[in-house]
Amino acid sequence: MRRWVRGVAVGVAVLAVAGCGKADRAVMAAPGCPKGAAARPEPRQAEAGSVYAFGPYFGAPKGFREGPVPGLTEVVSLADSGHTTVAVRSDGTVWSYGTNVGGSLGHGSLDRVHEAEPRQVTGIGPARAVYSSGPTFFVVLRDGTVMAWGADRFLVRGGKREGDTGVAVPERVARAGDVVSMGPGELNVLALRGDGRVLGWGINLTDVLGDRNSTGIQTVPGVEGVVEVASAGEAVVALTAGGTVCAWGNNVHGLLGVEPTGGQSGRPVHVRGLKDIVQVAGGTDVAYALDRDGAVWAWGRGVSGALGDGKTAHHNAARPARVAGLPPIRRISAAQRTGYAIDTEGRLWGWGSGTVVGRHAGTTHGTARPVRIPLPGPVLDVSGHHAVLRDHERRAITKD
């Protein structure tokens, strides 16, 4: 694996030197990430709530049942891969349910089975937050270390190729410490440390791990002062302590905010047109930012309505544009080509290919503009087709 990655990287470098086009020159000339005061990111203090399923799993047996997920109360962090859902409760325990893909349930089996009710993932905790890279899950513990399990052994083992089978029980990720939050992608993993720097490991074909050949865990060079990081497919977006957004990786879809689109850079560049940003999120080749006034901004690949600009055909946007039709927003999220926004009253909005339109429908319909996703109570957080609702709202609806 390493030899192949190194060979591809060398080939890309040779091609870049031999045929440096306009897009490559534009990326090289783009302003770097603004230097500001040293950041000391803090873990998110999430309000606990209960999990509510509002959309179907991929290929789940016996159809889909919308409603509260049994036992998942007092949840402070949630990750829905589309097959498996993992939750962290306020007591630090970790729970999972859904379809087991390569060990994604973390219950010790690699068999493809479906568990309709959550079961505790043992041998882990106390946990603070959970993140997913497809059917592979990463849990940040309260001491800043990371444990992982699931289908991609390569990522679970910190970028070491040690076989092709999944990992069915949680393992500690070696050399990942002082971690505040994470931003896993499909081929690589990013972890934000408490000193404002970013760790990365995995496949590095588009320089998302910086300008290096190694697949192992290392600090991404040139990245500092970060308070939040998110994978956006072939690029990475990061929020700095000063409220600016920086990006590195592939610019073929404009994720570095550089025109003309194309080229790539392992050096973080400043995504212009964004200021006073308080949160970033990344989907599949699309990125989102939330500013201090509650406005949501989108840029990158606009296929299937992912930019929320009314267009479903493939198009790229290197200039972040405000997503119209939203009230003031307090939190954003993304799942592949779907954007989510939670407004200040706790209502959930969505746009893109995976948006569920209408309650009790059990089907998904893409929408190129934000639409309200009706749920039976204020939403605290969302991942995939699962939302965290305020606990008192859940107790009210389960009595009906």
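The values are calculated or read from the model by the stated rules, or taken from the named source; none is laboratory data. Just so it is clear, the model here is predicted, and its values are computed rather than measured. Reconstructed Cβ throughout: ideal geometry from the backbone, glycine too, with neighbour counts over all protein chains shown. Just so you know, the surface numbers come from the protein's heavy atoms only, side chains and all, with ligands and any DNA or RNA stripped out. Shrake-Rupley method; radii C 1.70, N 1.55, O 1.52, S 1.80 Å.
Quick notes on this structure:
- Of the residues making up segment 341-378, those that are over 17 Å from Y288 (Cβ atoms), small (G, A, S) and modelled with pLDDT of 95 or more are G346, G377.
- Qualifying position, being within 23 Å of N188 (Cβ to Cβ) and open to solvent by less than 10 Å² (accessible area, probe 1.4 Å), among G282, G300: G300
- Residues that are at negative phi, of a type in the set (D, E, K, R), in a strand (DSSP E or B) and surrounded by fewer than 16 Cβ atoms within 10 Å (Cβ to Cβ) are absent from segment 97-112 altogether.
- Applying the criterion of being part of a loop (DSSP other than H, G, I, E, B) and free of Cβ contacts under 8 Å to residues at least 24 places away in the same chain to the residues of segment 27-64, the residue that is farthest from F137 (Cα to Cα) is K62.
- Taking the criterion of being out of contact with any helix residue (DSSP H, G or I) (no Cβ under 9 Å at 6 or more places or on another chain), assigned to a loop (DSSP other than H, G, I, E, B) and either of a type in the set (G, A, S) or buried (at least 24 other Cβ atoms within 10 Å of the Cβ) (or both), the residues of segment 160-189 that qualify are A174, A176, G177, G183, G185.
Quick grid of which residues meet (1) under 20 Å from the mean Cα position of the chain (by Cα); (2) open to solvent by 50 Å² or more (accessible area, probe 1.4 Å); (3) not basic (K, R):
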| site | (1), (2), (3) |
| --- | --- |
| P41 | yes, no, yes |
| E47 | yes, yes, yes |
| G55 | yes, no, yes |
| G59 | no, yes, yes |
| G67 | no, no, yes |
| T73 | no, no, yes |
| V76 | yes, no, yes |
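- Hits in segment 66-96 (condition: free of Cβ contacts under 8 Å to residues at least 60 places away in the same chain, among the charged types (D, E, K, R) and not in a loop (DSSP other than H, G, I, E, B)): R89
- For segment 115-133, filtered to residues that are modelled with pLDDT of 95 or more and within 23 Å of G59 (Cβ to Cβ), the residue that is most open to solvent (accessible area, probe 1.4 Å) is R119.
- Leading residue by the ranking (nearest to the chain's Cα centre (by Cα)) among those in segment 313-345 that are open to solvent by less than 20 Å² (accessible area, probe 1.4 Å), among the hydrophobic types (A, V, I, L, M, F, W, C) and over 19 Å from V271 (Cα atoms): A341
- Candidate set: segment 250-277, residues that are open to solvent by 20 Å² or more (accessible area, probe 1.4 Å) and part of a strand (DSSP E or B); chosen: the one nearest to P31 (Cα to Cα): H270
- Checked against (1) in contact (Cβ under 8 Å) with a residue 60 or more places away in the chain; (2) crowded, with 24+ Cβ neighbours inside 10 Å; (3) part of a loop (DSSP other than H, G, I, E, B), L192 passes all but condition (3).
- Taken together, G166, G150 contain a single residue that is under 23 Å from A335 (Cβ atoms), over 18 Å from the mean Cα position of the chain (by Cα) and of a type in the set (G, A, S), which is G166.
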